[in-house]
Amino acid sequence: MYKLLSVLFLILLTTGVLARSFDLSVYQDGYYLRYEFPRYGNDTWFEITLGQRQGLAGVIDQVKNKASK
């Protein structure tokens with residue numbers, strides 16, 4: 001059990017260190033997770049976005065997404 005927990009912790013630590021952008025927010029009515037990989041590179045290999053940020057930050061994200069398209 002301890003080996004499993006230590007491996008999971010090591011994986012989380014490694015993915016967090018190698019991320020270009022990592023943002024996790026938990027609200028009462030939802031959550032927001034954004035992860036971009038790799039840290040050192042010109043192009044992101046993959047990007048994961050789950051949930052939606054609330055308030056002004058959510059509005060800014062929507063504007064950025066529309067502007068990038």
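Give me the accessible area per residue for the chain, probe 1.4 Å, as a whole number in Å². Walk me through the numbers before you get to the answer.
Values: 5960 Å² over 69 residues.
Spelled out: the 1.4 Å probe surface of the chain, per residue, equals 86 Å².
Computed in the context of the full set of protein chains, the accessible area of the chain at 1.4 Å probe radius has 63% of its extent on carbon or sulfur. To the nearest 10 degrees, how steep is helix 55-68 against the longest Cα principal axis of the chain, on a 0 to 90 scale? The angle comes out near 80 degrees.
Between exposed chymotrypsin sites (Phe, Trp or Tyr not before Pro) in the chain, where DSSP calls loop and at most 15 other Cβ atoms lie within 10 Å, what's the longest gap? It works out to 1-39. Considering only the other residues whose Cβ falls under 14 Å of the Cβ of Leu24, what net charge follows from Lys and Arg at +1 and Asp and Glu at -1? In short, 0. The relative contact order of the chain, computed from alpha carbon pairs under 8 Å that lie at least 6 residues apart in sequence, is 21 percent. Only helical runs count toward this figure. For the chain, summing -39,500 (n - 2.57) over DSSP H runs of n ≥ 4 and dividing by all residues gives -14000 deg cm²/dmol at 222 nm.
The values are calculated or read from the model by the stated rules, or taken from the named source; none is laboratory data. It should be emphasised that the depicted structure is a prediction, and the values quoted were computed from it without experimental measurement. Neighbour counts are summed over all protein chains in view; Cβ atoms, including those assigned to glycine, are modelled from backbone coordinates with ideal geometry. Calculation scope for accessible area: heavy atoms of the full protein, side chains included, ligands and nucleic acids excluded. Shrake-Rupley method; radii C 1.70, N 1.55, O 1.52, S 1.80 Å.
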